[in-house]
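Notes follow the structure.
The values are calculated or read from the model by the stated rules, or taken from the named source; none is laboratory data. Predicted model only: the values in this text are computed from it and were never measured. Here the Cβ positions follow ideal geometry from the backbone for every residue, glycine too, while neighbour counts run over all protein chains shown.
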Amino acid sequence: MSRRGALALLVAAAGTVSQAAPGERFLVIGASDASPASIARQAQALAEGGVATGDGPGLVFSTADCGDRSPVFAWAAAAADSAAAAQAVLARLRPRVPDAYVKRCALKPGSLLALGLPAVDASIASVPQDAVNWSDSDRISNVLPWAVPGSGARLVLQRHHLALPDDPLEGRRTRVLMAQPGAAPIPLLDDCVGAQGALLSSGWLALTCESEQAADQVLHKVHVFTSAGVAVARVPHCRLPRLAAADTLQCQAETVDALGRMRLSPRTLHLQRP
């Protein structure tokens, strides 16, 4: 069967169910690729080429968020609640993207797609193709594996590109967001290099980021928030946070001696609620 024929079958299959079940969407797909760099550039080209459906700029997602066993990245022009709505968007998209089709997607709970956030940020398209220190993992956003109790919110590491001259990181940045379906994400940190060991307990949230380097040792900073995303403390030169009591944070303070050796020692901090 030809690719065009297979796509037609996908569209027809989507049209056999008029309304999405809870947790399902009809996605109007205009491009797909295994490479996050390539799909970012394709999504940018679609936007710059005037592919407009009246449904917004679209979203790059991983088909793993639909449960696909061999996932790729795809650009969806829209995520519709019904087959009819998806077909209306498809009709507007097809004149510019003849191979566009509809994919019925059972959303993976807590995934980027379920949260309405891109798997590959639009800024990734601006990463120079000759950048030497970028890997695919620097281009792909992800969700940390646990939910915030009481709200169902998730923490998202949104990897993006910041174009700055002579930047030692070649523009690699990791934004931290708190997100839940149907709500605007709450930005926690503009950049958290090497995000580690998020901790959530007793209404507190702690994130560890790499902050600087001393000799050959990487130093860290612990950022503490309430479970609503309000910043309450920043603890420099500390790692491995844990709650010793309801409002008592312990972490391992970092010091580097003259020979470049790392020494860790316990540090205790009392947390005050805003």
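Residue by residue, here is whether (1) over 23 Å from Gln180 (Cβ atoms); (2) surrounded by fewer than 17 Cβ atoms within 10 Å (Cβ to Cβ); (3) in contact (Cβ under 8 Å) with a residue 24 or more places away in the chain; (4) not hydrophobic (A, V, I, L, M, F, W, C) holds:
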{"position": "Leu205", "(1), (2), (3), (4)": "no, no, yes, no"}
{"position": "Gln213", "(1), (2), (3), (4)": "yes, yes, no, yes"}
{"position": "His220", "(1), (2), (3), (4)": "yes, no, yes, yes"}
{"position": "Gly229", "(1), (2), (3), (4)": "no, no, yes, yes"}
{"position": "Arg234", "(1), (2), (3), (4)": "yes, yes, no, yes"}
{"position": "Pro241", "(1), (2), (3), (4)": "yes, no, yes, yes"}
Return the residues of the range 251-274 that are surrounded by 16 or more Cβ atoms within 10 Å (Cβ to Cβ) and under 17 Å from Ser201 (Cβ atoms); say none if nothing qualifies. Cys251, Leu269, Leu271
Which numbered condition in (1) at pLDDT below 95; (2) out of contact with any Gly (no Cβ under 9 Å at 6 or more places or on another chain) is the only one that Ile39 fails? (1)
Strands (runs of 3 or more DSSP E) wholly inside the range 57-149 containing at least 3 residues that are surrounded by 22 or more Cβ atoms within 10 Å (Cβ to Cβ): 59-62, 73-80, 101-106
Output yes when any residue across the range 123-137 is closer than 20 Å to Gln42 by Cβ, touching a Phe, Trp or Tyr at 6+ places or on another chain (Cβ under 7 Å) and hydrophobic (A, V, I, L, M, F, W, C), and no when none is. yes
I need the full set of residues from the range 188-203 which are surrounded by 14 or more Cβ atoms within 10 Å (Cβ to Cβ), within 18 Å of Asp121 (Cβ to Cβ) and not aliphatic (A, V, I, L, M), in order please. Asp191, Cys192
State whether one or more residues within the range 124-147 are small (Gly, Ala, Ser), in contact (Cβ under 8 Å) with a residue 40 or more places away in the chain and in contact with a Leu (Cβ under 9 Å, 6 or more places away or on another chain). no
